[in-house]
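Take a look at the structure below.
The values are calculated or read from the model by the stated rules, or taken from the named source; none is laboratory data. The shown structure was predicted, so the numbers you read here are calculated from the model rather than taken from an experiment. Cβ placement follows ideal geometry from the backbone for every residue including glycine, while neighbour counts extend to all protein chains displayed. All accessible areas refer to the heavy atoms of the entire protein, side chains included, with ligands and DNA or RNA removed. Shrake-Rupley method; radii C 1.70, N 1.55, O 1.52, S 1.80 Å.
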Amino acid sequence: MNPITEDDIANYLANTPDFFERHAQMLATVQLTSPHGNRAVSLQERQAEMLREKIKALEHRIMDMVRHGNENVIIADRLQRWARNLMLVRAPQDLPAAVVTELVAQFMVPQAAIKVWDVAQPYQGESFATGVSEDARTFASSLTQPYCGVNSGFEAVDWLVDQAMAMSVALLPLRSGDLRNPSRAFGMLVLASPDPQRFAAGMGTDFLERIAEFASASLSRLRDA
């Protein structure tokens, strides 16, 4: 005969819920080791401790959810103010600078820069429309979502005032929404920080994607003139 294992006992108890009804006196004699020391505790006390631990873990999760919810509300409010200020810009050629300065002000980004290409003829001589290589344009079009991570020698970092302080960057491709060529970018926005974790790889990019969408829609005025 095969020896009875702990799994056999556990399966039997799990599938025989009336066992302890027939042997109620056993519940009062069961002693378990407390996780908070080597003392023995009753089954009921151990169950109470486990329940308290589960409640504490749930409380921590709820606190994290509330904290993240509050942070998202703050970010959404800043995003709304940033978009509103862009709508108030009258001259199309002032939009790229407004995108950058408002981002720095609203989101406390240490550095930001932008380049836009394929603009209408009146804006082709502007500083935001020059100094971009074909490689940078191709790279922007290759991004399906914002890039976040370390500065790996991206050309876009050269658009910043202080490249040495760009320890982490976020690169946001700008797209026109042209259904005939939805993947082609017409610009790129770069955000940078001296904090290596500010734009860490693997971070959520939902709000960065909204920023790219708002900026793209606003800057489309430079292409439609």
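Structural remarks
- Figure legend. Inter-residue proximity from the stretch 126-142: first residues within 14 Å of LEU189 (Cα to Cα), second residues open to solvent by 60 Å² or more (accessible area, probe 1.4 Å) and assigned to a loop (DSSP other than H, G, I, E, B), beta-carbon distance below 7 Å, spacing 6+ or different chains. Indicated pairs: SER141/SER183; SER141/ARG184.
- Test: residue in the stretch 56-64 that is under 33 Å from the mean Cα position of the chain (by Cα), open to solvent by 50 Å² or more (accessible area, probe 1.4 Å) and at pLDDT below 80: yes
- Condition check for ALA113 on (1) in a strand (DSSP E or B); (2) over 13 Å from MET188 (Cα atoms): one failure, at (2).
- Residues that are of a type in the set (A, V, I, L, M) and in contact with a helix residue (DSSP H, G or I) (Cβ under 7 Å, 6 or more places away or on another chain) within the stretch 160-190 comprise ALA166, VAL169, ALA170, LEU171, LEU172, LEU174, ALA185, MET188, LEU189, VAL190, listed in sequence order.
- Qualifying positions in the stretch 129-164 - more than 24 Å from the chain's Cα centre (by Cα) and assigned to a loop (DSSP other than H, G, I, E, B): THR130, GLY131, VAL132, SER133, VAL161, ASP162
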